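**Student:** Next up is a structure, given as structure tokens.
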Amino acid sequence: MREKDLAHLELEKVFERIKTHLNSKATERFLETLKPITDPQALRQEVQLVEDFLAVEEGLKIYPFEDVEVQIKKSALQDAVLSLEEVLGIYKVIKLIKDARKALGPHVPVRKSLNSLVKNLHQFPQIEGIVESSIDQRGFVKDSASEELSGIRSKIRDLERKITKRLENILNRPDAGRILSDRIITIRNNRYVLPVKTTEINKIVGIVHGTSSSGYTTYLEPHSVVELNNKLVILKEEEEEEVKKVLRRITSYIGEFSHKLMEAFQTLLKLDYLKALSMLTKEIRGKFPRLSEDRIILKSVRHPILALTTKDVVPIDIRIEGKRGLILTGPNTGGKTVTLKTLGLCCLMFQLAMPIPIEHGELPVFEGIFTDIGDEQSIEQSLSTFSAHISNLIEFLPLVNDKTLVLLDELGAGTDPVEGSALSIGVLEYLKERSAFVLATTHHTPVKLYAMESDYYTPASVSFDKESLRPTYTILYESVGSSMAFEIARRLGMPEEILEYASKRVPAEFEKFSKAKESLEELIREYQEKLKELEQLKAELEKLKAEHMLILSSAERIKEEAYKEGLSRAMEYLKQIEKEAEEFFKSARERQRIRQFVKEKAQQIEQEMEEEEFKVGDWVEFMGSRGRVLEVKEGRLHLSLGGVKAWVDRQKVVKIQPIEPRDEVHSFDIKRGMPTEINLIGLSAEEALYRLEMFLKEAKAMGVKSVKVIHGTGTIKKVLQEFLENSDLAVFYREGYPREGGSGVSVVFLER
């Protein structure tokens, strides 16, 4: 299909709405690769897959994830090393894939089409294992990832303690308050330094590593720690090299499974798309039409984009049956072009296996959908409106066949009406010879008359209220509509003398034709109103029938429950008889005969109680919880009850009516000024804890995913990190990377 046709029908706007529900940039790329399906069998399979997914999607949770396609490909290269962030991104995707398989797997026995997705959601326990054993929850490589790394970090900690002790001696000097701008130890250029007042810089021997923006503070590395800092820098480099070795080992593991991992990742993208599609379906209240061979029926269809953006969209009925073409007439602003675009966009969405906003319908599968809509004028190509339309027609007419849909707006416009009408009829005859489905709009009377006499095209008009001069958005079939030029001009304020002069120029035959046409339209309108009333009565009868069946079903269920209760009481009565008989009869032989009699009757009752048939997929109730049957085996049922699975005796289960999925309401809001960083240096431990707690609550309430906490390297760091380890506000935290502030900073994650 041509890109210009997709643009005319505004498919991109549907894609843009779907993108708002996606969780990854990678899925946006996946969405752009989707093309309309032109094979009926392939479309049936895809529609079945979407329907099955929509039935179970509430159990699947997908949260934002990174595009790891490049990283997966990179891992397969020899001697490649993924960064820590890249490894964690892939690890998160693997966990998502695992959760998706867990959520969808149990539904495969009932909804078999889901197997095409589940079978590609491969599991990667080896990768999970090596990542979890090498990287902690804060996102740091563990000391235990290798013996060499453990030894290096032990030396680093010893050195840092020595450096800190020497610097603390300076902090505790009697003149420290006069010399230092702040009694803290900080890091500059990966070296431990002290913040010294610039005016007192000569009081301490050392190396300057920069000044504050105000110039008030100079960051000084005292001479007593220079050698220790030098050793620390070397150890940090050795640590970085050892971390790289660990990451290289993890990368090689990922590379071994790169093919399957890529397959699973692509399946995750489809699941993310299907999840977004389910949200779009709820927004437009979409359904799938049935596949047909030779007719188009869209009952109570709404334009998908209007259904998304406008509350009170008037639905219309589009029918092309019996004949293969529809010529739509009537005044401007009557809804002709919207009808044209509604049909085209719904056909595209259906062939993308997307539900459309209809009550019910039938659609063929088209190999091509060609459009000529809107003003095609092109200044760059020196084409007038008429020339642009003709050029467009010339481009696609040779491609038309019996499996194409052609949408023509304002056929014959932009040139002399007589010649334009003749050319329009010629185009319609050409399309008839090629058996194409056609929906065209026109204002030209000769084209209207042609449609009335045609055995291939059905004439129709959009209804218009002459009193208010507003469209009613109803299509009247087997009728032709007036352009209502005089009425609209009068309503808009055209001088009456001009209208009087113009009316005298209208031929008498045309006036007679217009009056006859109006009478016919009135009869058609009355007929359609009566037909609508009949359809409403039919719908009410169907509703009453459904309610009647529900009552019968409820009565049957009550009967079954009463029957089971009676049987249960009978069992209890038999047990009571057995007990009393044992007391009454003295001999062991007589008591044995009574026991045998009770046993036989009990087995008979149990057999009667097991008569109810259960099958996989049935909705059932057990101890007040509702769920579905996953498996039936030897008088026991495997049930899924609100996410909990259990084997239960079938006698304890009651079959119930299927539960309809509930509609969800989604809201959107825009957050500005989100808190992402707090500086707690210089505060007491109590005040720092209070401020941190308030800050985290505010950030979490505003939807912030991670924040930076600046606390320095003193005692307050330990207090705050103990709080974070036990707080419900933080999922996990890690020390900052050197570029983020090093060990004087903690990065706190509020969401997974």
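**Student:** Taking the stated definitions as given, is residue 22 farther than 30 Å from residue 244 by Cα, surrounded by fewer than 18 Cβ atoms within 10 Å (Cβ to Cβ), of a type in the set (A, V, I, L, M, F, W, C) and within 23 Å of the chain's Cα centre (by Cα)? Outline the logic, then answer.
**Tutor:** On the way: farther than 30 Å from residue 244 by Cα: yes; surrounded by fewer than 18 Cβ atoms within 10 Å (Cβ to Cβ): no; of a type in the set (A, V, I, L, M, F, W, C): yes; within 23 Å of the chain's Cα centre (by Cα): yes.
Here the answer is no, as residue 22 does not meet what is asked.
**Student:** Here is a list: 157, 178. Which entry is open to solvent by 50 Å² or more (accessible area, probe 1.4 Å) and within 30 Å of residue 750 (Cα to Cα)?
**Tutor:** Details: 178 fails: within 30 Å of residue 750 (Cα to Cα).
Matching residue, one of 157, 178: 157.
**Student:** Please go through (1) part of a strand (DSSP E or B); (2) of a type in the set (Phe, Trp, Tyr); (3) under 30 Å from residue 405 (Cβ atoms) for residue 219 and return the number of the only condition it doesn't satisfy.
**Tutor:** (3)
**Student:** Also, quick follow-up: I need a count of the residues in the range 429-450 that are surrounded by 19 or more Cβ atoms within 10 Å (Cβ to Cβ) and more than 18 Å from residue 295 (Cα to Cα). Working first, answer last.
**Tutor:** To start, the set of residues in the range 429-450 that are surrounded by 19 or more Cβ atoms within 10 Å (Cβ to Cβ) comprises 431, 436-444, 447-448, 450.
Subset that is more than 18 Å from residue 295 (Cα to Cα): 441-444, 447-448, 450.
Of the residues in the range 429-450, 7 are surrounded by 19 or more Cβ atoms within 10 Å (Cβ to Cβ) and more than 18 Å from residue 295 (Cα to Cα).
**Student:** Can you confirm whether residue 59 is open to solvent by 40 Å² or more (accessible area, probe 1.4 Å) and either among the small types (Gly, Ala, Ser) or on the phi > 0 side of the Ramachandran plot (or both)? Walk me through it before giving the result.
**Tutor:** Details: open to solvent by 40 Å² or more (accessible area, probe 1.4 Å): yes; either among the small types (Gly, Ala, Ser) or on the phi > 0 side of the Ramachandran plot (or both): yes.
Here the answer is yes, as residue 59 does meet what is asked.
**Student:** A further question on this structure: I'd like the full set of residues that are more than 20 Å from residue 330 (Cα to Cα) and assigned to a strand (DSSP E or B), limited to the range 389-407.
**Tutor:** Correct list: 404, 405.
**Student:** Could you name every one of the strands (runs of 3 or more DSSP E) located completely within the range 288-346 that has at least 3 residues being out of contact with any helix residue (DSSP H, G or I) (no Cβ under 7 Å at 6 or more places or on another chain) and open to solvent by 10 Å² or more (accessible area, probe 1.4 Å)?
**Tutor:** In the range 288-346, 296-301 are the strands (runs of 3 or more DSSP E) which contain 3 or more residues that are out of contact with any helix residue (DSSP H, G or I) (no Cβ under 7 Å at 6 or more places or on another chain) and open to solvent by 10 Å² or more (accessible area, probe 1.4 Å).
**Student:** Working only within the range 142-157, note down all residues that are under 16 Å from residue 737 (Cα atoms) and either in contact with a strand residue (DSSP E or B) (Cβ under 6 Å, 6 or more places away or on another chain) or in a loop (DSSP other than H, G, I, E, B) (or both).
**Tutor:** 142
**Student:** Any residue at all in the range 408-416 that's at pLDDT 95 or above, part of a loop (DSSP other than H, G, I, E, B) and either surrounded by 22 or more Cβ atoms within 10 Å (Cβ to Cβ) or among the hydroxyl-bearing types (Ser, Thr, Tyr) (or both)?
**Tutor:** No; the residues of the range 408-416 include none that is at pLDDT 95 or above, part of a loop (DSSP other than H, G, I, E, B) and either surrounded by 22 or more Cβ atoms within 10 Å (Cβ to Cβ) or among the hydroxyl-bearing types (Ser, Thr, Tyr) (or both).
**Student:** Can residue 38 be described as part of a loop (DSSP other than H, G, I, E, B), touching a residue at least 40 places away in the same chain (Cβ under 8 Å), farther than 12 Å from residue 113 by Cα and open to solvent by less than 70 Å² (accessible area, probe 1.4 Å)?
**Tutor:** yes
**Student:** In addition: For residue 94, work out the one condition from (1) surrounded by 15 or more Cβ atoms within 10 Å (Cβ to Cβ); (2) out of contact with any Asp or Glu (no Cβ under 7 Å at 6 or more places or on another chain); (3) at pLDDT 90 or above it doesn't fulfil.
**Tutor:** The failed condition is (2).
**Student:** Could you check how many residues of the range 192-209 are open to solvent by 30 Å² or more (accessible area, probe 1.4 Å) and assigned to a strand (DSSP E or B)?
**Tutor:** Quick first cut of the range 192-209, residues open to solvent by 30 Å² or more (accessible area, probe 1.4 Å) only: 197-203, 205-209.
Next, only the ones that are assigned to a strand (DSSP E or B) stay: 197, 206-209.
The number of residues fulfilling the criteria is 5.
The values are calculated or read from the model by the stated rules, or taken from the named source; none is laboratory data. None of the values given here were measured: they were computed from a predicted structure. Counting neighbours? That spans all protein chains shown, and the Cβs are built from the backbone with ideal geometry, glycine included. Areas reflect the complete protein model, heavy atoms only, side chains present, ligands, DNA and RNA absent. Shrake-Rupley method; radii C 1.70, N 1.55, O 1.52, S 1.80 Å.
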